[in-house]
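Colleague: Below is one structure. I have some questions about it.
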Amino acid sequence: MELWLQEDSLFTGALPLPHSLLDQVVSYAPFTLFPSLVPSALLEQAYAVQMDFNLLVDAVSQNAAFLEQTLSSTIKRDDFTARLFDIHKQVLKEGIAQTVFLGLNRSDYMFQRNTDGSPALKQIEINTISASFGGLASRTPAVHRHVLSVLSKTQEAAKILSNNPSKGLALGIAKAWELYGSANALVLLIAQEKERNIFDQRAIENELLARNIHVIRRRFEDVSEKGSLDQDRRLFVDGQEVAVVYFRDGYMPSQYSLQNWEARLLLERSCAVKCPDIATQLAGTKKVQQELSRVGVLEVLLPGQSEAVARLRATFAGLYSLDMGEEGDQAITKALAAPSRFVLKPQREGGGNNLYGEEMVQALEQLKDSEERASYILMEKIEPEPFGNCLLRPGSPARMVQCISELGIFGAYVRQGKTLVMNKHVGHLLRTKAMEHADGGVAAGVAVLDNPYPV
Ligand code: ADP
Ligand code: MG
């Protein structure tokens with residue numbers, strides 16, 4: 001199984017490690033013992049709509065008026081989104097130096113049970129920054145093929161789909177690097193100080209190295225201390241020119257000190273390809289997701305592309321604005337009347353931020369007369385059909401539990417000026433968690449890695 005680094009109290013007791021190495025314990029990422037059944041039709045649908053989502057995110061990121069209008073109420077009440085938006089405005093005002101744009105995203109879905117019992121693909125969210133687990137998901141097929149082979153299920157083992165998002169994500173970075181057009185320039189991966197999921201990132205770095213593209217890992221702090229722009233706004237860090245900045249940090253408020261905000265601004269002002277640029281990060285906010293579901297909005301953003309619009313809309317769950325006014329009042333009334341059918345979401349990433357059930361009710365009661373409610377959106381709660389699987393994680397006994405899954409599809413696209421030069425889906429991720437957890441992904445310690453077993 002794939003490995004990751006963790007501070008694990010179990011290991012600290014068992015092994016006499018020097019203190020400096022305690023955060024260097026290599027462990028395995030949690031996974032299911034068996035692959036989970038996923039209807040092939042839904043897998044195909046998710047793959048088929050991925051290029052549309054790439055186009056949509058890219059269109060939103062280029063539409064400053066749409067972003068401004070959509071986020072206007074949110075940024076009054078949400079400091080984090082407001083700060084990102086400030087940088088976006090500053091870059092627009094100065095003029096965008098970047099000419100090549102790279103999007104690496106992951107669109108996540110759950111399988112809603114229709115009233116007739118059939119499952120439907122419903123989008124949970126799209127991650128436009130630091131979409132992770134493409135590296136680890138490239139290794140999981142071999143794990144389940146092995147498990148099934150041990151059980152002499154050779155035919156079943158052969159049905160586990162091949163999957164290599166790390167290669168596809170690296171191809172996107174490589175294309176952007178090539179179009180930047182400077183043979184000695186590097187890829188700068190913005191890394192967290194303590195990164196538990198480093199092997200996920202290394203998988204992509206190694207794919208790049210195989211193409212002779214070198215990656216340096218630096219923190220925002222390093223950029224602020226050793227980063228600079230020349231007169232053409234080319235970015236240099238430690239004296240080396242940077243072609244592509246790949247963010248694996250910078251999506252949560254806690255990841256930014258004042259110094260880090262300054263570093264982010266410096267990066268955004270540069271002509272290096274940012275993955276994502278600030279506008280694309282904003283395009284991935286929950287508020288934008290909610291506004292995209294409004295009647296007529298997709299048609300305006302993707303003119304003349306009615307088939308893409310229909311494919312996109314078919315994956316949308318119910319999404320409701322909580323802005324002050326009658327529409328928001330009605331949404332709150334509906335949620336208070338049937339709390340189990342809704343999720344309250346702030347503008348946050350990384351899992352564990354959404355509110356459900358009684359907590360949601362309390363929050364809505366508190367928020368309903370305040371403008372602060374505009375920093376949240378309300379979403380229909382997806383209720384997939386649970387199934388049994390066994391979750392394996394370090395230090396916990398294996399247990400068979402009732403589970404639900406979330407499917408992610410990775411997308412990669414590259415645009416040069418106004419021309420889209422790459423638009424692909426590059427693989428999938430299946431995460432499975434015990435039913436009793438409403439929220440949370442793999443990194444949050446709730447979900448585990450899985451493979452779809454198409455049926
Ligand atoms: P984050 O940006 O924190 O990952 P998400 O919107 O992906 O936020 O929500 C986190 C988790 O909460 C999801 O992985 C999923 O398990 C659960 N969740 C989110 N939205 C819904 C929903 N509409 N219905 C059911 N579960 C949801
Ligand atoms: Mg998520």
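Derivation of every value follows stated rules applied to the coordinates shown; laboratory data play no part. These numbers come from a predicted model, not from an experiment. All Cβ positions, even for glycine, are placed from backbone atoms using ideal geometry, and neighbour counts span all protein chains on display.
Colleague: Pairs only if they're at least six apart or on different chains, beta carbon under 8 angstrom, first in the stretch 62-76 and surrounded by 15 or more Cβ atoms within 10 Å (Cβ to Cβ), second polar (S, T, N, Q); list them, first residue then second.
Modeller: Leu67/Ser61; Leu71/Thr81; Leu71/Thr285; Thr74/Thr81; Thr74/Thr285; Thr74/Gln347; Thr74/Ser375; Ile75/Thr81
Colleague: Among the strands (runs of 3 or more DSSP E) lying completely within the stretch 415-455, list those that include at least 1 residues that are more than 16 Å from ligand 1 (Cβ to nearest atom), surrounded by 23 or more Cβ atoms within 10 Å (Cβ to Cβ) and small (Gly, Ala, Ser).
Modeller: In the stretch 415-455, 419-434 are the strands (runs of 3 or more DSSP E) which contain 1 or more residues that are more than 16 Å from ligand 1 (Cβ to nearest atom), surrounded by 23 or more Cβ atoms within 10 Å (Cβ to Cβ) and small (Gly, Ala, Ser).
Colleague: Before we move on, is Gly395 in a loop (DSSP other than H, G, I, E, B), surrounded by fewer than 23 Cβ atoms within 10 Å (Cβ to Cβ), away from ligand 2 (no atom under 14 Å from the Cβ) and not aromatic (Phe, Trp, Tyr)?
Modeller: Considered against the rule, which asks whether it is in a loop (DSSP other than H, G, I, E, B), surrounded by fewer than 23 Cβ atoms within 10 Å (Cβ to Cβ), away from ligand 2 (no atom under 14 Å from the Cβ) and not aromatic (Phe, Trp, Tyr), Gly395 comes out as yes.
Colleague: Next up: Taking Leu336, is it over 30 Å from Val244 (Cβ atoms) and within 16 Å of ligand 2 (Cβ to nearest atom)?
Modeller: no
Colleague: While we're on this one: With respect to Ala314, determine if the residue is of a type in the set (Gly, Ala, Ser), in contact (Cβ under 8 Å) with a residue 40 or more places away in the chain and out of contact with any strand residue (DSSP E or B) (no Cβ under 8 Å at 6 or more places or on another chain).
Modeller: When the stated conditions are applied, Ala314 does not pass them.
Colleague: Only one of these is of a type outside the set (S, T, N, Q) and over 21 Å from Tyr413 (Cβ atoms): Val187, Val223, Val244. Name it.
Modeller: The unique qualifying residue is Val223.
Colleague: Could you list, in sequence order, the residues of the stretch 91-119 that are without any contact (Cβ under 8 Å) to a residue 60 or more places away in the chain and outside any loop (DSSP other than H, G, I, E, B)?
Modeller: Leu92, Lys93
Colleague: Considering (1) within 30 Å of Ala185 (Cα to Cα); (2) more than 16 Å from ligand 1 (Cβ to nearest atom); (3) in contact with a helix residue (DSSP H, G or I) (Cβ under 8 Å, 6 or more places away or on another chain), say which one Ser270 fails and leave the rest.
Modeller: (3)
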